[in-house]
Amino acid sequence: EVQLVESGGGLVQPGRSLRLSCAASGFTYDNFAMHWVRQGPGKGLEWVSGITWNSGNVGYADSVKGRFTISRDNAKNSLYLQMNSLRPEDTAVYYCAKDILGGELRYFFEWGQGTLVTVSS
Amino acid sequence: DIQMTQSPSSLSASVGDRVTITCQASQDIPNYLNWYQQKPGKAPKLLIYDVSNLETGVPSRFSGSRSGTDFTFTIRNLQPEDIATYYCQHYDNLSLLTFGGGTKVEI
């Protein structure tokens, strides 16, 4: 059974940093691209970032480009999101999601349950 | 960047109705369009990929199609368990993925 477990969320002040982690199990992790998707309170879904199986291709939403960095450690079956210069509008539940493919960023096939990030003074 | 305009933002229908949701692309795009269902308090679920391909295990009352830059998601014979918010999602060849604004379906 595929499991994606996010951690690292919490309350942080504007301008500070936070690092999210996603622990993956139940599948061959280094075969698949991975993503971060967020959902603000009462809002819709927003793709944040994605990374291919070998980290050869990464993508970012314009809203986080230059502030957030996605990475993965295939030896640890883990996905990360380093979030710097956080803003109140970054407040959201952050989901880790598994793609169907490895070398392309296309689909959100399996999802974690999310971790809440609140940016507030 | 390509924008996806999803409509309506919400709708109310009766059990057994046919429900249609549309996503309009700001320009012509390949068949890079997926649909998701999100029930309250749950993570989203992929229903349809690449316009019209039904994900394994998804009931056949769900379907997708396109006409030009308009992509349509249809639920035939609406069931109580279909109450959810539905999202379209586009991907491109530049590693950019975009969701539509969502459609909340109520009975």
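Listed here are the residues, each with its yes/no results for (1) in a loop (DSSP other than H, G, I, E, B); (2) within 14 Å of another protein chain (Cβ to nearest Cβ).
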{"site": "B:Ile2", "(1), (2)": "yes, yes"}
{"site": "B:Cys23", "(1), (2)": "no, yes"}
{"site": "B:Val51", "(1), (2)": "yes, yes"}
{"site": "B:Arg66", "(1), (2)": "no, no"}
{"site": "B:Asn77", "(1), (2)": "yes, no"}
Considering only residues of segment B:79-107 that are among the aliphatic types (A, V, I, L, M) and part of a strand (DSSP E or B), which is farthest from A:Trp47 (Cα to Cα)? B:Val105
Number of the exception - A:Gln82 against (1) part of a strand (DSSP E or B); (2) within 11 Å of chain B (Cβ to nearest Cβ); (3) surrounded by fewer than 20 Cβ atoms within 10 Å (Cβ to Cβ): (2)
Is one or more of the residues making up segment B:11-20 under 25 Å from A:Ala97 (Cα atoms) and of a type in the set (S, T, N, Q)? no
If you check every pair at least six apart or on different chains, which have Cβ atoms under 7 Å apart with a residue in segment B:85-107 that is more than 7 Å from every other protein chain (Cβ to nearest Cβ) first and a residue that is among the acidic types (Asp, Glu) and surrounded by fewer than 24 Cβ atoms within 10 Å (Cβ to Cβ) second? B:Val105/B:Asp82
The conditions are (1) exposed (fewer than 13 other Cβ atoms within 10 Å of the Cβ); (2) within 14 Å of chain A (Cβ to nearest Cβ); (3) touching a residue at least 40 places away in the same chain (Cβ under 8 Å), and B:Asp28 fails exactly one of them. Which is it? (2)
Within segment A:41-70, the residues that are within 12 Å of chain B (Cβ to nearest Cβ) and small (Gly, Ala, Ser) are A:Gly42, A:Gly44, A:Ser49, A:Gly50, A:Gly56, A:Gly59, A:Ala61, A:Ser63
Say we look at segment B:55-64 and pick out the residues that are within 14 Å of another protein chain (Cβ to nearest Cβ) and loosely packed, with under 15 Cβ neighbours inside 10 Å; which of these is nearest to B:Asp17 (Cα to Cα)? B:Gly57
Test A:Leu11 against the criterion of being buried (at least 17 other Cβ atoms within 10 Å of the Cβ), more than 14 Å from every other protein chain (Cβ to nearest Cβ) and either in contact with a His (Cβ under 6 Å, 6 or more places away or on another chain) or not small (Gly, Ala, Ser) (or both), and give yes or no. no
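This table checks each residue for (1) within 11 Å of the chain's Cα centre (by Cα); (2) closer than 27 Å to A:Glu104 by Cβ; (3) surrounded by 15 or more Cβ atoms within 10 Å (Cβ to Cβ).
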| site | (1), (2), (3) |
| --- | --- |
| B:Gln3 | no, yes, no |
| B:Gly41 | no, no, no |
| B:Leu94 | no, yes, no |
| B:Gly102 | yes, yes, yes |
Among the numbered conditions (1) free of Cβ contacts under 8 Å to residues at least 24 places away in the same chain; (2) part of a strand (DSSP E or B), tell me where A:Lys65 comes up short. (2)
Looking for something buried (at least 16 other Cβ atoms within 10 Å of the Cβ), on the phi > 0 side of the Ramachandran plot and part of a loop (DSSP other than H, G, I, E, B) - is there at least one such residue anywhere in segment A:93-114? yes
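Read-outs: derived from the displayed coordinates by stated rules, not from any lab. Not measured: the values here are computed from a predicted model. A quick note on method: Cβ atoms are made from the backbone with ideal geometry, for glycine too, and the neighbour counts reach across all protein chains shown.
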